[in-house]
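The values are calculated or read from the model by the stated rules, or taken from the named source; none is laboratory data. These figures come from a predicted structure and were not determined experimentally. FYI the Cβ positions are ideal-geometry reconstructions off the backbone, even for glycines, and counts take in every protein chain you see. Accessible surface areas use protein heavy atoms only, side chains included; no ligands, DNA or RNA. Shrake-Rupley method; radii C 1.70, N 1.55, O 1.52, S 1.80 Å.
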Amino acid sequence: MSDDAEGVQLAPSVDIDALRGRIGQPIKLQKNGIRTWAGKMEKIVFTATMKEIGEHLNFDRLLERRDFDIESQRAGNRDVADTHWKKIEAFLLETDRPFLGMLTVAMPRDQVTIEELSVVGMGSDLVKLTIYADAENPVMEDGQHRNMAIAAAWRQVRDLTDDADPRLLKARRRLADASVTIEMLFEDDPDVLSTIFVQMASTKPISPSLIAVMDKTSLPNRLGSYVMSNSDLFKDSSVYLSTKAARALAKEKGQSFDPLYAAAAVRNTAANIAGVGVRDRTPEQRENILRSIVEQRQLRDGLGEAAALTSVGDEVVATIDYAYRNMPGWRDVANGESTISAFKEDFVHGAASGLYTVATALAAARVAGVSPELVIDVMAESIPWRRDALREVEVEGNRVLVHEFFENTLVLTTLGKDAEWKVGTAGAQRSTYEKAIDKVLRHLAAEDRRLRPLAERSTLIKLGLESATPGKRGRPRKAV
């Protein structure tokens, strides 16, 4: 309609930008809380009712939980166990004292506005915390099961009518009023957050494999994570979450997931090949030995610690991936001729003990100064790695089947009730696979004269297979 139409009054002109400035930005969260400090890390404690958490602060809105992703730059967490949060949900609906303890979240400092209101005491201030709608969501640092349970419990009672079960109506009133303490850490370094999580998560044990990828204070963990991210053998197949959660995470990334080795086993393998061998009777020993190796690389090449660790990691990756392309079983997976599941079922190095056996032979090459590629080639051609590589022998007048090479070390054959021979593992104890390592090294030394240094006592001492002091770990065996 034209503005000269008779009798028509036009709406006044509105400056949208000016109006937006007067209204202000939409607010996602605003709370008063107590600000304190943990060293240089600022943190604020505030409260929210369970109703608020159920309606506004749940995983789908504010407190977004992410399964730990080793390749992600965003901090992660362990996967959710449905049975765990459902037990908490049931507790909240039944108890007249719905207390769950503190939830801990984290987000970058530059994503929030903090207004100081007053001083409370030494090192603490009363402040107003404001998070605007365009800020990224905080990361759940600790309490994902409790938060999930609160949201689920509130959903059950939120829409009840007045004639509903009286017990649920009482639960709704309790959850509407009950408060939960939330501590927000202002930190966005995923390595720092992962380490904090490992150190404070004492209520439920964390699996060694998840610690192996989360705790960045440990040199072996950092080396293992690097090898997991860069090795064709270990990338996208190392297990640190439950298999269900790992497959869900892979699907989210548009990938498939077939579990191979646990992350803790890969971490140990990486340190082993780097030169630790099997000297690591404790995690502290592994840390100290690897630190010495990295420090030697720093001095040799004039590098900082991070660069030296990467240099060592690149060598480990190159060595293990040569084995991946050339060792029986592994090379079939690499060529797409077999699956990980079939490999694990058919080959002795599908188990962690077999992986450690291969890794220690490669560590022996490193400390003895011989070609790891030659070691791999000779191992691949002269040692039967299939579980079903059996032969007949006579024991006390009876004909029995045993593994051609690894019987009573990596393999244990038994006669089943159905009169069929069963091929199983002899166990993952160190004493068992060290026997396999010793046999492999002696075999390689006898098979190729260039590999004789692998079986020399000086090499075995450096690997931790023999003691430098005779008598401590048995008598020194005869040289090959």
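For this structure, a couple of remarks:
- Sequence-distant contacts, meaning Cα pairs under 8 Å at least 6 residues apart, place the relative contact order of segment 251-305 at 20 percent.
- Peptides 454-460, 337-343 ranked from most to least packed, by the mean per-residue count of other Cβ atoms within 10 Å: 454-460, 337-343.
- Beyond 27 Å in Cα-Cα separation lie the following of the pairs K235/K344; K344/K439; K28/K170: K28/K170.
- Among 363-370, 443-450, 397-404, the order from most to least packed when residues are scored by Cβ within 10 Å on average: 363-370, 443-450, 397-404
- Each part reduced to its alpha carbon centroid, segment 82-107 and segment 222-238 end up 35 Å apart.
- Alpha-carbon centroid distance for the pair segment 333-395 / segment 303-324, whole angstrom: 21 Å
- Portion, in percent, of the accessible area of segment 73-195 that falls on carbon or sulfur, probe 1.4 Å: 48 percent
- Here the accessible area of segment 285-397 is 45 percent carbon and sulfur, with a 1.4 angstrom probe and all protein chains present.
- For K28, the residues whose modelled amide H falls within less than 5 Å of its own, excluding neighbours fewer than 5 places apart on the same chain, are I131, Y132, A133.
- Rolling a 1.4 Å probe over the heavy atoms of the protein chains gives segment 408-469 an accessible area of 54 Å² per residue.
- Unsatisfied cross-links (Cα-Cα over 19 Å) in the set K31/K86; K216/K462; K435/K462; K216/K253: K31/K86; K216/K462; K216/K253
- Mean separation of Cα contacts under 8 Å (6+ apart) over length of segment 319-379, as relative contact order %: 34 percent
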